[in-house]
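Participant: Here it is, the structure, as structure tokens.
The values are calculated or read from the model by the stated rules, or taken from the named source; none is laboratory data. Owing to the predicted nature of the structure, the values given are computational and were not obtained by experimental measurement. Every residue, glycine among them, receives a Cβ derived from its backbone with ideal geometry; neighbour counts consider all protein chains shown. To get the accessible areas, we keep the full protein, side chains included, count just its heavy atoms, and leave off ligands, DNA and RNA. Shrake-Rupley method; radii C 1.70, N 1.55, O 1.52, S 1.80 Å.
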Amino acid sequence: MSFTVAIDGPAAAGKGTISKAVARHFGFAHLDTGLLYRAVGKRVLDGEDAVAAARSLRAEDLEVLGLRTPKVAQAASKVAVEPEVREALVDFQRAFAARAGGAVLDGRDIGTVICPEAAVKLFVTASPEVRAVRRHKELLETGHDAGYDSVLADVRARDERDRTRATAPLKPADDAVTIDTSHMTIEAAVAAAVAMVNKVRGA
Ligand code: CDP
């Protein structure tokens, strides 16, 4: 039986960490949908057309190194504005969500557009400054020495583009539960998400 958990929110809010932990806890599969847009963005940086790249995206493209850089993130949010790019990625995401055994998908439009019938919808957010601190630390740990100010500017620019685009803008679904992680430890945020899933499953 399928059981979909949709986790949306702005850049570096903790969606990835929470999604992975929820998936591990319940034995669900996890899809980081941002990677799809990052993979398309990377191929555009390498000279391809965005729509053609989205239509021919393969699983191997998600394994390419270098998808987590700020440059690729910006390219991802630019291609993510294009309706044809988004359309080309819908079927893959819906098929993933419908797999037997449960699935967690994290992104920007999972609860609103990709899986409006998801059993659980969470909107994970935090202040831009807190998110920039976390992303800065992550980037340093993976050897990308971007300054804090530039990381904050990147986060703000992507949020603005993601929130104001015409197709599938970033916003909480009407029936999503918001978790603001600004003043929460990651353990507390994961516990809150697990509790929400348990509540819906009747555990
Ligand atoms: O990890 P982070 O939150 O910084 O970004 P991401 O989830 O990897 O997403 C990169 C970019 O892809 C976002 O800024 C969005 O523009 C786009 N995206 C989207 O439009 N829809 C999704 N479901 C996921 C990502």
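Participant: Can you run down the residue pairs with Cβ atoms below 6 Å, 6 or more apart or on separate chains, where the first is in the stretch 67-89 and within 12 Å of residue 161 (Cα to Cα) and in contact (Cβ under 8 Å) with a residue 40 or more places away in the chain and the partner is within 9 Å of the ligand (Cβ to nearest atom) and not in a helix (DSSP H, G or I)?
Facilitator: What qualifies is 81/165.
Participant: For the condition more than 17 Å from the chain's Cα centre (by Cα) and closer than 19 Å to residue 16 by Cα, what is the one hit in 171, 137?
Facilitator: Being more than 17 Å from the chain's Cα centre (by Cα) and closer than 19 Å to residue 16 by Cα holds for just one of 171, 137, which is 137.
Participant: Go through the stretch 90-107 and report how many residues are open to solvent by 40 Å² or more (accessible area, probe 1.4 Å) and either without any contact (Cβ under 8 Å) to a residue 40 or more places away in the chain or not aliphatic (A, V, I, L, M) (or both).
Facilitator: Adding up the residues that qualify gives 6.
Participant: Hey, residue 112 hits all of (1) open to solvent by less than 60 Å² (accessible area, probe 1.4 Å); (2) of a type outside the set (A, V, I, L, M); (3) under 14 Å from the mean Cα position of the chain (by Cα); (4) at pLDDT below 95 but one; which does it fall short on?
Facilitator: (4)
Participant: Let me ask something else about it. Considering each residue of the stretch 60-73, count those that are more than 8 Å from the ligand (Cβ to nearest atom), of a type in the set (D, E, K, R) and either touching a strand residue (DSSP E or B) at 6+ places or on another chain (Cβ under 8 Å) or closer than 11 Å to residue 35 by Cα (or both), and give that number.
Facilitator: 2
Participant: Right, next: Can you tell me which residues in the stretch 74-111 are more than 8 Å from the ligand (Cβ to nearest atom) and part of a loop (DSSP other than H, G, I, E, B)?
Facilitator: 82, 98, 99, 100, 101, 102
Participant: Quick one: how many residues across the stretch 117-135 are open to solvent by less than 60 Å² (accessible area, probe 1.4 Å), modelled with pLDDT of 95 or more and out of contact with any strand residue (DSSP E or B) (no Cβ under 7 Å at 6 or more places or on another chain)?
Facilitator: The qualifying residues number 5.
Participant: Further, regarding this structure: Can you find, within the stretch 168-203, the residue that is surrounded by the most Cβ atoms within 10 Å (Cβ to Cβ) among those that are small (Gly, Ala, Ser) and touching a residue at least 24 places away in the same chain (Cβ under 8 Å)?
Facilitator: Of everything passing the filter in the stretch 168-203, 193 is surrounded by the most Cβ atoms within 10 Å (Cβ to Cβ).
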